[in-house]
1. Quick check: pseudo-label points 7 Å beyond the Cα along Cα→Cβ at B:ASP251 and B:GLU223, how many nm apart are they?
2. Leaving ligands and nucleic acids out of the surface, order B:TRP373, B:TRP97 by accessible area at 1.4 Å, largest first.
3. Can you tell me the FRET efficiency between B:TYR150 and A:LYS72 if r is taken as the Cβ-Cβ distance and R0 is 35 Å, rounded to the nearest 0.05?
4. Please calculate the 1.4 Å probe accessible area of B:THR127, with all protein chains present, and give it to the nearest 10 Å².
5. Need the C-alpha centroid separation for the stretch B:151-168 versus the stretch A:13-35, integer Å.
6. What shape does the stretch B:127-259 take by its C-alpha gyration tensor, where a ≥ b ≥ c are the square roots of the eigenvalues and a/c under 1.5 counts as rounded, a/b above b/c as prolate, and the rest as oblate?
7. Mind checking which helices in chain B clear 20 Å along their axis (Cα) and have mean Kyte-Doolittle hydropathy of 0.0 or more, DSSP H runs only?
8. Counting each DSSP H run of 4 or more residues in chain B as -39500 (n - 2.57), what helix-only mean residue ellipticity at 222 nm follows after dividing by all residues, to the nearest 500 deg cm²/dmol?
Amino acid sequence: MKTLICIVCPRGCHLNVDEENDYKVTGHHCEKGEIYGRNELLHPVRVVTSTVKVKSNIHPRCPVKTDQSIPKENIFPAMRLLDSVLLTPPIKRGDVVVDDVAGSGACFVVTRDLDT
Amino acid sequence: MTRQDYELIVIGAGPAGLAAALSAKQHGLSRILVIERDKELGGILNQCIHNGFGLHYFGEELTGPEYAGRFIDQLEGSGIEIVCDTMVIHLENGDDWRIVHAMSTENGYQCLKCRAVILAMGCRERTRFAIQIPGSRPAGIFNAGTAQRYVNIEGKMIGRRVIILGSGDIGLIMARRMTLEGAKVLACVELLPYSGGLNRNIVQCLHDYDIPLYLSHTITNIEGRNRVQRVTVQQVDENRRPIPGTETYYDVDTVLLSVGLIPENELSREAGVKIDRRTSGPFVYENLETSEKGIFACGNVLHVHDLVDYVTEESQAAGKAAAAFVLDGALTDIGHVIEIKTEPTVSYTVPQAVRVNEVAKSLRIFLRVNKIWEETSHIVFRDGDNVIARFKRDYMAPGEMENVNVPRVLLDRVKGDMLYVSIEEAQR
Ligand SMILES: Cc1cc2nc3c(=O)[nH]c(=O)nc-3n(C[C@H](O)[C@H](O)[C@H](O)COP(=O)(O)OP(=O)(O)OC[C@H]3O[C@@H](n4cnc5c(N)ncnc54)[C@H](O)[C@@H]3O)c2cc1C
Ligand code: SF4
């Protein structure tokens, strides 16, 4: 039995996951927690957020995120892909910055608009 | 700014101000002005590049800038006037009009008249703790939120070996952020026996990167000539006094302080708005009107929120109430007013008072407990000896704001003008 805190929503339910019993989850308040509990032990994933350089009059950096969760072990390799990125406005939320982050199928996308 | 008499002026264009202005517009106002001192809209959300915003309101996880962006989009073409780079420096309350004194490089000093005002100035970081730590005052000590701004907006790396004092959300978020940017975060140190941050942040920001969290510990010394070189961490006893012999030393170049936020209410005070010492924000009624007629408050200026979704809902309610105030005039018959009193188990409630006649179906009350309740417990409302309402919870923590809906029919049963709220463990 492993105990974890569900992070899908701020309620933070305390889950018990039984590895011996087909990863059965208890302590969750909704089914998202059940899915999270299983996945967190089988293959944990996270959304990664960071910033990239931008040639803007407003700010020197532009925030980005992965548009899907990526495997936890890919977080640092994913971060390194951002070092070489330089954006030029105009940019819009959702614009793709890096395709297929570290073979995960997720993209890094821009999370704010910058017109100039 | 094109006119001198507005129906509504909103001070601050963070998520609170944006949602309040849009809601006032939807509820019938047309002459609305939003004043923001920063060069852009969005408030603190611009620097909160992490995700976790909007799960309740939009049903999806957005980053701070994305959440703000959705409201900024709606504002475009709405006819709501917006001025940035303008600071409100004084607020006066008159009988029919409220006067907002604003200052900007473009327009200089201006006095703007309006029927109603919404306070949406947000909050700032506590710094008092920094001053109390003994030791030298080298460079390398930052408030976590200031550090967040340097790293996320200005793209500056602020240190390589970091220790964090306080386990508030901003500190936790910055522990992960600094780690991702290549710094080594050695520890997060919390004075209290529990963390004030959200569980998800403890898991995602500390556990994920093997950053230890030391509860009931504090920093007792900071050393360094020009830059921080070493800090001393000590365990504390129940009275929060350092225990001799528990000293551990950390070689770090950076200390981040995440010791809480305080609502920014200088303007509110100047206008005569009554401030609640428990929240450090205005004392408000059920419709978010303050003690001063025509002045409403929402968002972090009212009480520190951990979830922006609730800021949005609250601010929409404030916008609606301000619109009703402008269009229908001030309340004439106030009727039965109940003050909500907190027992020692509850740190505060918002609102602090309710005019029962103004509640349509039910009253949403936000509250915070002041310790962790791991057993099933009840949030109990009493008028003296009678239980008016009771709400069951499996788990409560000070870091997570609770809210309950008390039906109007139950409020009608309250005898007298006090309603007491407390937490009680459920009987088994
Ligand atoms: C670092 C941090 C991390 C957070 N993380 C999360 C999270 O992960 N998930 C989540 O749901 N919530 C999170 N929150 C909470 C949420 O973002 C805040 O509760 C919300 O942004 C508060 O909105 P606000 O509009 O009240 O305040 P703010 O966003 O602070 O906006 C206030 C605005 O008023 C302006 N202003 C102030 N005084 C004046 C004046 N005199 N004249 C003109 N303008 C003025 C300021 O410049 C600012 O733009 C976080 C908050 C912080 C601080
Ligand atoms: S189990 Fe459901 S309710 Fe509980 S924290 Fe997870 S997502 Fe939230």
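The values are calculated or read from the model by the stated rules, or taken from the named source; none is laboratory data. In this text the structure is predicted, and so the values were computed from the model without any measurement. Cβ: placed from backbone, ideal geometry, glycine included. Neighbour counts: every protein chain shown. Please note that ligands, DNA and RNA were not included when accessible areas were found on the heavy atoms of the full protein model with its side chains. Shrake-Rupley method; radii C 1.70, N 1.55, O 1.52, S 1.80 Å.
1. According to this spin-label approximation, the distance is 1.2 nm.
2. Details: B:TRP373 25, B:TRP97 65 Å².
These residues rank, largest area first, as B:TRP97, B:TRP373.
3. Values: r = 27 Å, r/R0 = 0.77.
Working from the Cβ atoms, E equals 0.85.
4. The value for B:THR127 is about 70 Å².
5. 34
6. Numbers: a/c = 1.69, a/b = 1.16, b/c = 1.46.
Judged from the Cα gyration tensor, the stretch B:127-259 comes out oblate (a/c at least 1.5, b/c at or above a/b).
7. Details: long enough: B:308-328 (29 Å, 0.26).
Those that pass (Cα extent of 20 Å or more, hydropathy at least 0.0) are B:308-328.
8. Working: 8 runs with 81 residues, N = 428.
Calculated at 222 nm, the ellipticity per residue is -5500 deg cm²/dmol.
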